[in-house]
Each structure stands twice: as structure tokens, then as C-alpha cells.
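Asker: Submitted below is the structure of interest, expressed as C-alpha cells.
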Amino acid sequence: MNKFTLSICVFCVAGCEAAGVLAAAPAFPFKPIRLIVPFPPGGGTDILGRALGQHLSLELKQNVIVDNRPGGGTVIGSELAARAAPDGHTLLVQINNLTALPALSPGKTLTVTVDSFAPITLVAVLPHVLVVPRSVQASSVKELIALAKAAPKKLTYASAGIGTPVHLGGALFASMAGINLVHVPYKGAAEYTTSVLGAHVDMTFGSVPTALPHIRTGVLRALGATTAKRIKVLPDLPTIAESGLSGYDISSWYGIFAPAGTPPAIVNLLHAEIARGIATKAVADRLPDYELIANTPAEFRVFLRKDAEMTTRVIARSGATAD
């Protein structure tokens, strides 16, 4: 047997062994899936994560465990997801923070970035609304701006943490209105909403699902929609842009990620199943205020790049920082 023949034999044996290993590998998913939500229960990210988790659990025939890991402006939960085995059994629901944090922390080494993950799909976009408790003597955006100008650095606004759309919404509002507001970050929507309801802070730029019940009961007063267009469920509420701050436009996006290195076949399988879930009445009925999307992994990568560019411009204009 010459060297060439020996090499072919060795190659064939190795190939057969590899094929045997692949054939023996259990089909995905072969154990429960952990869906990390980097916020406490009760907020917009948690609501969406639980709706998708229930669908995936039913269709993939595996338990999907929603794991709330708040803190650090979503960094704690994101780090946990990024360090997980890239086998599709750990997923992350993430929002704008992922593209905002690099621009908020120039020159700093970040533990998690977009490159830490395999993007699966953009799931939804959600509008926000500027609300104040009844104790704040302002019934419009213009009156709130006048109130802030009369009392510089006294009015406060709550957010779900550094880099969230609520944080950036307040920073951009203050910058465009020429006022000084004090930012008070919390771990999530449930916490900051409680603080606004108790009039411990003067305003927030909360997501519609979080704010709407309290707007309808009259405990919170809605002053303006943060998006370029009016909100469907609040058609009579003018946008902040209509109220004098032309060009103001902030909303949340929600995406599903796996750790970097997750096999494309698993990424594509998860994308297809999430896309099917979004098209079902069961999921749509649980998320009536969300604009549901489900683009492809490739389209999501393009979206993330463009969003990072846009967010960098917003942060530069607002002067927001991670400090």
C-alpha cells in the first residue's frame, strides 16, 4: 500500500467516524431552552418574551424557560447569554441597548456587543408615549417644556436603565427642547412605572403596553407620542414632533439572539419557527400594541448596522452618556 492509498483510507475512516458522530447527535432541541430577558417581569420585553416562549415550547416540544436577569442596562443578562454554549438552547430577547451602549461608552471596552451574538430575527417595534403623573402641572408638551425651563435641573424622568429607548427618549427630548432633566434609571419598566405612578419622578417615556392601562384610568396623563406617526390606540394624542420638536422620533425594537457561533441551521430553524409564531392569532392577540416583523437573520444584521448608525447620531445630538 503506497502513501497515497494509505492517506485515502485514513481520510475515509475519519469521514465515516465524523458521519457517525453527526448521525448520533440528537435532533435540536434536545433539552429545555432558556430565553433570557434582561429586565424584570412585567415590562414590554418580558411580555413579548413570554408570548414567543409559549409558542416555541408548544411547537418545538421542549420547555422554554423565561429567565429574567435584570441589571447593568441589560448587560448582566446579555453577558450570560453571550457566554452560553452556542447550541441554540440559550436565547436572548434584546432591545436597542445592544446598539446604543457602544455610542454611550466611547473608548471603553464592552463585554458584550452585536458581535457577541448570532442575530436570529427582529421580532417587533413598539411605540412609546411621554406621560406624567397627575401632580405635574402640565397638560401638553409645550407646558411641560415651560415648566422645565422655569425650574432647571429639577424635573426628573425615569427609565428602564442606561441605553434603553426610554433613557434616550428623555435625553433627546431635553436636548431638542433646550431644557435640563435629571435621569433616574431603574432595572425595568415595572419599577420605573411604579415610581411615576407614585409621583416620585416627574415623567417617563414609557412603552405603550406599560403606560396605556394607567393612561386609561387617568392616573397618568399622556402628553405626546414619541414616534413620527400617531399611535393607533391613542389616535387623538399628538406626537412630540407635532407639538413643537420637529424630527423627534424614538421607539423600541425587540430582537432574538443566540450566542455567536450557533450553527446556521439552528439559527434558521429558530427564525422560521418564530416567524410562524408571529403569524398566529394566539401570539398576535397577546401583543396587540406591537408591530410584529420577523425578518431574516441576514436582514436583521443589516437592520442592526443601520440602527447603530442612527443611534450614534441620536446620542451625539442628545449628549447622553452611560454615566
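The values are calculated or read from the model by the stated rules, or taken from the named source; none is laboratory data. None of these values were measured; they are calculated from a predicted model. All Cβ positions, glycine included, derive from the backbone under ideal geometry; neighbour counts span all protein chains shown. For the accessible areas, the whole protein counts, side chains as well, though only heavy atoms, and no ligand, DNA or RNA atoms are used. Shrake-Rupley method; radii C 1.70, N 1.55, O 1.52, S 1.80 Å.
Asker: Simple spin-label model, 7 Å along Cα-to-Cβ: Glu291 to Ala228 in nm?
Answerer: 0.9
Asker: Ranking request for peptides 93-103, 125-135, 160-170, 275-285: highest mean number of other beta-carbon atoms within 10 Å first, then the rest in descending order.
Answerer: Taking the mean over residues of other Cβ atoms within 10 Å, the ranking is 160-170, 93-103, 125-135, 275-285.
Asker: Over all alpha-carbon pairs in the range 36-161, figure out the percentage whose distance exceeds 24 Å.
Answerer: Of all Cα-Cα distances in the range 36-161, 43 percent exceed 24 Å.
Asker: Among the lysines, which have Cα under 29 Å from the Cα of Lys306 when same-chain residues fewer than 8 positions away are ignored?
Answerer: Lys108, Lys187, Lys229, Lys232
Asker: Something else now. Report, in deg cm²/dmol and to the nearest 500, the calculated mean residue ellipticity at 222 nm for the chain, where each DSSP H run with n ≥ 4 adds -39500 (n - 2.57) and the sum is divided by the residue count.
Answerer: -14000 deg cm²/dmol
Asker: Would you mind checking the radius of gyration and Dmax of the range 87-201 based on alpha-carbon positions, in Å?
Answerer: Expressed in Å, the Cα Rg and Dmax of the range 87-201 come to 16.7, 56.
Asker: Right, something else. Students often forget the sequence filter, so: which aspartates and glutamates lie under 16 Å Cα-Cα from Lys149 once same-chain residues fewer than 8 apart are removed?
Answerer: Asp202
Asker: If contacts are Cα pairs under 8 angstrom and at least 6 residues apart, what is the relative contact order of the range 75-193 in percent?
Answerer: 22
Asker: I've got another one for you. Tell me, what is the Rg over Rh of the range 177-255, with Rh the Kirkwood radius over Cα pairs?
Answerer: Rounded to two decimals, Rg over Rh is 0.95.
Asker: How much area per residue is accessible in the chain when the probe is 1.4 Å and only protein heavy atoms are counted (Å²)?
Answerer: 45
Asker: Now, a different point. In whole angstrom, how long is each semi-axis of the equivalent ellipsoid of the chain, when you take the square root of 5 times every eigenvalue of its Cα gyration tensor and sort them from largest down?
Answerer: After diagonalising the Cα gyration tensor, the semi-axes are 44, 21, 16 Å.
Asker: Still on this structure, please answer the following. By accessible area of protein heavy atoms, probe 1.4 Å, what ranking do Thr193, Thr111 get, highest first?
Answerer: Thr111, Thr193
Asker: Working out 0.36 nm times the residue gap between Thr111 and Asn180, then minus their Cα-Cα distance, what length gain in nm do you get to one decimal?
Answerer: 21.7 nm
Asker: Let me ask something else about it. So what is the relative contact order for the chain, in percent, with contacts set as C-alpha pairs under 8 Å and at least six apart?
Answerer: For the chain, the relative contact order is 25 percent.
Asker: Between Ala272 and Ala27, what is the spin-label point distance in nm, taking each point 7 Å from the Cα along the Cα→C-beta axis?
Answerer: 1.2
Asker: Within the range 260-303, find all residues whose amide N lies under 11 Å from a label point positioned 7 Å from the Cα of Val125 along Cα-to-beta-carbon.
Answerer: 291-293
Asker: Take the alpha carbon atoms of the range 255-278, find their center, do the same for the range 29-48, and report the distance between the two centers in whole angstrom.
Answerer: Value for the Cα centre distance between the two parts: 15 Å.
Asker: What nm distance separates the two modelled labels at Gln54 and Arg313, each placed 7 Å from Cα along Cα→Cβ?
Answerer: Result: 3.9 nm between the two label points.
Asker: Related question: What does the highest-first list of 38-47, 286-295 look like by mean Cβ count within 10 Å?
Answerer: Going from most to least packed, we get 38-47, 286-295.
Asker: Percent of accessible area on the chain owned by carbon and sulfur, 1.4 Å probe?
Answerer: Whole-percent figure for carbon plus sulfur exposure: 59.
Asker: Moving to a separate point now. Please list, in order, the residues from the range 28-55 whose amide nitrogen is less than 18 Å from a point placed 7 Å along the Cα→Cβ vector of Asn63.
Answerer: Residues 29-37, 50-55 qualify, since their backbone N sits under 18 Å from the label point.
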